[in-house]
Amino acid sequence: MFKDYKVAVTGGTSGIGLASVKKFLEEGATVIAIGRNLTEVEKLGERCIPYYCDVTDDKQIEAACDFIEQTFNGELDTFLNAAGLGVGATIRDITPEYFAYGINLLLRAPILFGKRLYPMLLKAPKKNPSIVNIASSAGKTVAPENFLYNMAKTGHILYTKQQAAGFIGVRSNAICPGFIDTPIFTREGTNIPPEGIPALYEQVSAITPMHRVAQPWEVAELVAFLASEDAMYINGADIVIDGGILGMVSG
C-alpha cells in the first residue's frame, strides 16, 4: 500500500505513533520516527529512521524538519502528527507555565511542523500527499477537570480543517481516538497512579458499547486508510474512533 512512500511521524516512538510507524513499514514505506525514547524504533530495521526531538522546543522542531528535508531530498508523502501527553490541569489550578507547556505540546507543535513540511508534501513522489493529525474525542467534550487537554484538542481539530482549506494540494484529516491502551495514561500530567489504570479501563469498558478499551494498532489501521489512495477524496474530516463512548456520554 505504501511501497516507497516517504513518511514522517511525530510521537512515533510509543502508543498510536509507534503502531502507525510499524504499519507504514509493513506496507513498504520508509519512516522517520520522531520522539524522545528511541529504544523501540531502533529495532525496526533500516527503513525506520529514528530521530530525537522534544516537540515543545521550537529549535528542535526546526532541526527535525531540516533532518526530514535532508533525508528525503525535500520530498514527503505523509506526515502523521501523533505526539502528545496527558496535560491534566483543572480549570481551577492552571498556571501560566503549565498552560504554555500544554499548548506548545498539543497545538503549537503541529502548527509549526505543518507550516514547514507543507512545501515538502507538495513534492510528494507518490502524488498522494497527506497530513493525519491525532486529535482526541476529548476535543468534542466538556471536562473542567481536564480542560487544557480538551481545549488544545478542540483547537487541533479546527486547525486540521484549516489545513485542509489552506494547504491546497495536500489532504489533511484528524483522528479522534477515545480510550486507547497506550502509555499516555501512565505518564506525568494524567494524575493517575499506575495501580489505578486497570480500574480506569474497567470503568471505561463498562460504559463503552464495545465493552473494551481499544489497542493502538486499531487506530493505526485508520491512519493507514486516511493516508492511502483509498481516501484521496477525504479532506478536512475529523473521525471518531472510540467504540461509541462519545455517544453514550454526550447523549
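The values are calculated or read from the model by the stated rules, or taken from the named source; none is laboratory data. Everything numeric here is computed off the predicted structure, so don't read it as measured data. A quick note on method: Cβ atoms are made from the backbone with ideal geometry, for glycine too, and the neighbour counts reach across all protein chains shown. Note: areas computed on protein heavy atoms with side chains; ligands, DNA, RNA excluded. Shrake-Rupley method; radii C 1.70, N 1.55, O 1.52, S 1.80 Å.
Each residue was assigned an accessible area with a 1.4 Å probe, and for residue 13 the value is about 20 Å². Give me the angle, in degrees from 0 to 90, between the Cα long axis of helix 109-121 and the longest principal axis of the Cα atoms of the chain, rounded to the nearest 10. So the inclination is approximately 20 degrees. Pairs of alpha-carbon atoms within less than 8 angstrom and 6+ residues apart define the contacts here; what relative contact order does the chain have, in percent? Answer for the chain is 20 percent. Looking at segment 1-96 only, what percent of DSSP beta bridges run antiparallel? Nearest 5 please. Beta bridges within segment 1-96, antiparallel portion: roughly 0 percent. Modelled spin labels at residue 27 and residue 221, positioned 7 Å past Cα toward Cβ, are 1.3 nm from each other. Under 5 Å from the amide H of residue 32 lie the amide H atoms of 7, 8, 9, 49, each residue being 5 or more positions distant or on a separate chain, with H modelled from the backbone and absent for Pro and chain starts.
Taken along the Cα-to-beta-carbon direction at a fixed 7 Å, the label points for residue 111 and residue 162 span 0.6 nm.
Contact order, relative form, for segment 1-135: 26 percent (alpha carbon pairs under 8 Å, 6 or more residues apart, mean separation divided by residue count). In plain terms, the chain from residue 212 to residue 39 could stretch by 59.4 nm, reckoned as 0.36 nm per residue minus the Cα-Cα distance.
Using the Karplus relation 6.51 cos²θ - 1.76 cosθ + 1.60 with θ = phi - 60°, the per-residue 3J(HN,Hα) values for segment 142-153 come to 10, 8, x, 7, 9, 5, 5, 4, 4, 5, 5, 6 Hz, with x marking Gly and Pro.
Using θ = phi - 60° in the Karplus curve 6.51 cos²θ - 1.76 cosθ + 1.60, the 3J(HN,Hα) couplings for segment 26-32 round to 4, 8, x, 7, 9, 10, 8 Hz; x is entered for Gly and Pro. Which FRET efficiency value, to the nearest 0.05, do you get for residue 181 and residue 127 by plugging their Cβ-Cβ distance into 1/(1 + (r/R0)^6) with R0 = 35 Å? So the FRET efficiency works out to roughly 0.50. Remark: segment 50-153 carries a charge dipole of roughly 440 debye about the Cα centre, counting +1 on each Lys and Arg Cβ and -1 on each Asp and Glu Cβ. Backbone amide hydrogens, once placed in the peptide plane, bring residue 238 within less than 5 Å of 174, excluding anything fewer than 5 places away on its chain.
Cut-off 15 Å, label point 7 angstrom out along Cα-to-Cβ of residue 200: give me the residues of segment 150-165 whose amide nitrogen falls inside. Once the point is set 7 Å along Cα→Cβ of residue 200, 150 turn out to lie under 15 Å by backbone N, inside segment 150-165.
The length gained on full extension between residue 100 and residue 234, counted as 0.36 nm times the residue separation minus their Cα-Cα distance, comes to 45.0 nm. For segment 140-183 and segment 200-216, compute the distance between their C-alpha centroids and round to whole Å. A separation of 21 Å, based on Cα centres.
When the chain is described by a simple charge dipole with +1 on each Lys and Arg Cβ and -1 on each Asp and Glu Cβ, the residue from 119, 245, 85 located farthest towards its positive end is 119.
When only the Cβ of Lys, Arg, Asp and Glu is charged (+1, +1, -1, -1), the dipole of the chain relative to its Cα centre reaches about 560 debye.
If we count every other residue with Cβ under 13 angstrom of residue 81's Cβ, Lys/Arg +1 and Asp/Glu -1, where does the sum land?
Computed value for this residue: +4.
Compared with the dominant Cα axis of the chain, that is its longest principal axis, helix 58-71 is turned about 40°.
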